[in-house]
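Worksheet: one structure, shown below.
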2 protein chains.
Amino acid sequence: MKIGVFDSGIGGLIISHALSDRLPEYDYMYFGDTARAPYGNRSQETIYEYSRQAVAFLFQQDCSLVIIACNTASAEALRRLQQEWLPSHFPDRNILGVLIPAAESAVSKTHGHIGVLATASTVESKAFEREIHKLRPEMRITQQAAPLLVPLIENDGQRFASPIIEAYVAPLRDTGIDTLVLGCTHYPLLKNEIQAALPEVTLICQDETIPASLANYLERHPERQATLSQNGGRRFCVTDLTRSVQQAARMLYGQDVQFEVLTLE
Amino acid sequence: MKIGVFDSGIGGLIISHALSDRLPEYDYMYFGDTARAPYGNRSQETIYEYSRQAVAFLFQQDCSLVIIACNTASAEALRRLQQEWLPSHFPDRNILGVLIPAAESAVSKTHGHIGVLATASTVESKAFEREIHKLRPEMRITQQAAPLLVPLIENDGQRFASPIIEAYVAPLRDTGIDTLVLGCTHYPLLKNEIQAALPEVTLICQDETIPASLANYLERHPERQATLSQNGGRRFCVTDLTRSVQQAARMLYGQDVQFEVLTLE
């Protein structure tokens, strides 16, 4: 069985690429709900409904492990989906999110004050605050919404990013954070620009934390690992073959990627 | 009966506000299909189907005149919808788009070379080229896609717009256009920045052309005007109560707007 990676847009493709780079032997299936992206501005109920459809689809396509590689969907839909797919009822079906590995990594690196840079909806959900405080209640956390970074990445606008990043990180700089969670799976593509704006701060990047966390998870759960086929297969599905997903795939994989286009309901 | 204004997102709200500013006595009903926005990347069939549902809903809600305040939907669905709601069969039902008034205005003002600034999908559809060439086949037209402008407007990023606008208009400036159609109903909110980048060029803004065109239409069709109630009423419906539609409404109307949230099928 395969590892499924789901996102509304190209963030999942970034994580999918990072996973297959770190753990190349497994079979991966990427699913991007590009026709309905971005999820960031949608209501919680809509995000849950779209995520439910995506997870059901990936399970149906023979994935035994689905990573919701989208912080918005991890915040708004993961817990409810995990309750609907209880391991006791569905031993071959497991759903993981991207919040907890990032929270764990931040807590292990900080001296006490963590910043979170994310989409407006992830910031409002306070999901990172909750996950970090579950691990270490005394942690100081400062959040900052960065709503334009995803559209910049999705519309070939990285060259315009610096002044926009500066506007977003200036308030964080003043608070004295020592560690910054890049709490959106698109943001690894702006890692260098963000690091340049905050040279003293340790960045937590999900293209590093998610593969490390999955490797660790599979080591600790040999029974899960045993369900996974290891043929190095790759499948890429989207609900709309947009210019930006094709561009991102070419950039990440160094060549054109064959996408299957389908409709979810 | 009311005037209905339909769009996938906040562009329709901008046009709706401009209409009620110019012709305040009428009753308006705005409908924004925010749960399924943006339409720009969807297939023609999907755009037609969503637009058909929206128009049927507005007619059902006692609108006798519906303005499709979305260039994508005007390009992809207007003609077919007009054929389904023929005035000979439905004398109290009329549908207008936003392409033709902008094309007419551009043709009346240009010295021969018109630019079109629009979303990637509107540019690809060549809808403005077709409408302008129907009026004046000899017209020279240069199109430019500006994919980041809608995200900037929808995410409070207008202050970052200038360098991005400069990158989009520089190729247009070099071609020597004398008139520029702002071919997206969001763009009136960046009118000043675009004019500053192209000070010699005449801008065609749909928040001016659509109200002027409707005023003219009602003057020429007193039988249509007679169907419209004049109580200054305003109703606002959306399929998802997003942050950006609330913000845009507050900005346009100077106060919070009460939205009704509903599902279309």
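Worth a mention:
- Seen through its C-alpha gyration tensor, with square-root eigenvalues sorted a ≥ b ≥ c, region B:27-91 comes out oblate because a/c lies at 1.5 or above while a/b is not bigger than b/c.
- The protein assembly as shown: radius of gyration over Cα atoms, expressed as a fraction of 2.2 N^0.38 Å: 1.03
- Taking all Cα pairs closer than 8 Å and separated by 6 or more residues, the relative contact order of region B:1-109 comes to 30 percent.
- If you look at the Cα atoms of region B:151-249, you get an Rg and a Dmax of 17.6, 49 Å.
- Counting only other chain Cβ atoms within 10 Å of each residue's Cβ, the peptide A:116-123 averages 1.
- Radius 12 Å from Cβ of A:L198, net charge of other residues (Lys, Arg +1; Asp, Glu -1): -3
- In Å, descending, principal axis extents of the Cα set of region A:66-119: 41, 23, 14
- Amide H to amide H distances under 5 Å link A:I204 with A:L180, A:V181, A:L182, where only residues 5 or more positions off or on other chains count and H is placed in the peptide plane.
- In this simple spin-label approximation, B:S108 and B:E124 carry label points 7 Å from Cα along the Cα→Cβ vector, and these lie 3.3 nm apart.
- Cα pair distances in chain A, grouped into 10 Å bins until the bin that holds the longest one, percent each: 7, 32, 37, 20, 3, 0
- Phi angles across region B:221-226 convert, under the Karplus curve 6.51 cos²θ - 1.76 cosθ + 1.60 with θ = phi - 60°, into 3J(HN,Hα) values of 10, x, 5, 6, 4, 5 Hz, Gly and Pro given as x.
- Within the straight-line cut-off of under 15 Å between alpha carbons, the aspartates and glutamates reachable from B:K2 are B:E25, B:D27, B:D62, B:D92, B:E223, sequence neighbours fewer than 8 places apart in one chain being disregarded.
- When the convex hull of its Cα atoms is projected in every direction, mean area for region B:5-126 (nm²): 8.3
- Between amide H atoms placed 1.01 Å from N, distances below 5 Å from B:M29 occur with B:I3, B:G4, B:V5, B:R235, all of them 5 or more places distant or on a separate chain.
- Number of partner chain Cβ atoms within 10 Å, mean per residue of B:239-250: 2
- Helix-only mean residue ellipticity at 222 nm for chain B, each DSSP H run of n ≥ 4 adding -39500 (n - 2.57), per residue, nearest 500: -14500 deg cm²/dmol
- Amide H partners (placed H, <5 Å) of B:L96, local residues excluded: B:V66, B:I67, B:I68
- For the peptides A:70-77, A:30-37, the ranking by packing is A:70-77, A:30-37, with the highest mean count of neighbouring Cβ atoms within 10 Å listed first.
- Residue order, fewest to most beta carbons within 10 Å, for B:F90, B:F128: B:F90, B:F128
- Protection-proxy order for peptides B:235-245, A:242-252, B:7-17, each taking the mean of Cβ atoms within 10 Å per residue, highest first: B:7-17, B:235-245, A:242-252
- Over all other residues within a Cβ to Cβ distance under 10 Å of B:L148, the charged ones net out to -2, with Lys and Arg as +1 and Asp and Glu as -1.
- Rounded to 10°, Cα long-axis angle of helix B:161-175 versus longest principal axis of chain B: 70
- Calculated from backbone phi, Karplus (6.51, -1.76, 1.60) coupling profile of region B:208-213 in Hz, x at Gly/Pro: 9, 5, 5, x, 5, 5
- Relative contact order, percent, chain B [alpha-carbon distance under 8 Å, six or more residues apart]: 26
- Three-way shape call for region A:77-204 based on the alpha-carbon gyration tensor, with the a/c threshold at 1.5: oblate
- Between region B:203-265 and region B:1-37, the alpha-carbon center distance in angstrom: 2
- Net charge over other residues, Cβ less than 14 angstrom from the Cβ of A:V257 (K, R count +1; D, E count -1): +2
- Each Lys and Arg contributes +1 and each Asp and Glu -1, all at the Cβ; summed about the Cα centre of region A:74-148, the dipole is approximately 140 debye.
- In degrees, nearest ten, helix B:44-60 long axis to first principal axis of chain B (Cα): 40
- Applied to region B:190-201, the Karplus parametrisation 6.51 cos²θ - 1.76 cosθ + 1.60 on θ = phi - 60° returns per-residue 3J(HN,Hα) values of 10, 3, 5, 5, 5, 5, 4, 6, 10, x, 8, 9 Hz, with x for Gly and Pro.
- Degrees between helix B:99-109 axis and first principal axis of chain B (Cα, 0 to 90, nearest 10): 40
Throughout, read-outs are computed from the coordinates displayed, never taken from laboratory work. The structure displayed is predicted, hence computed values, not measured ones. Here the Cβ is made from the backbone with ideal geometry for all residues, glycine too, and neighbour counts use every protein chain on show.
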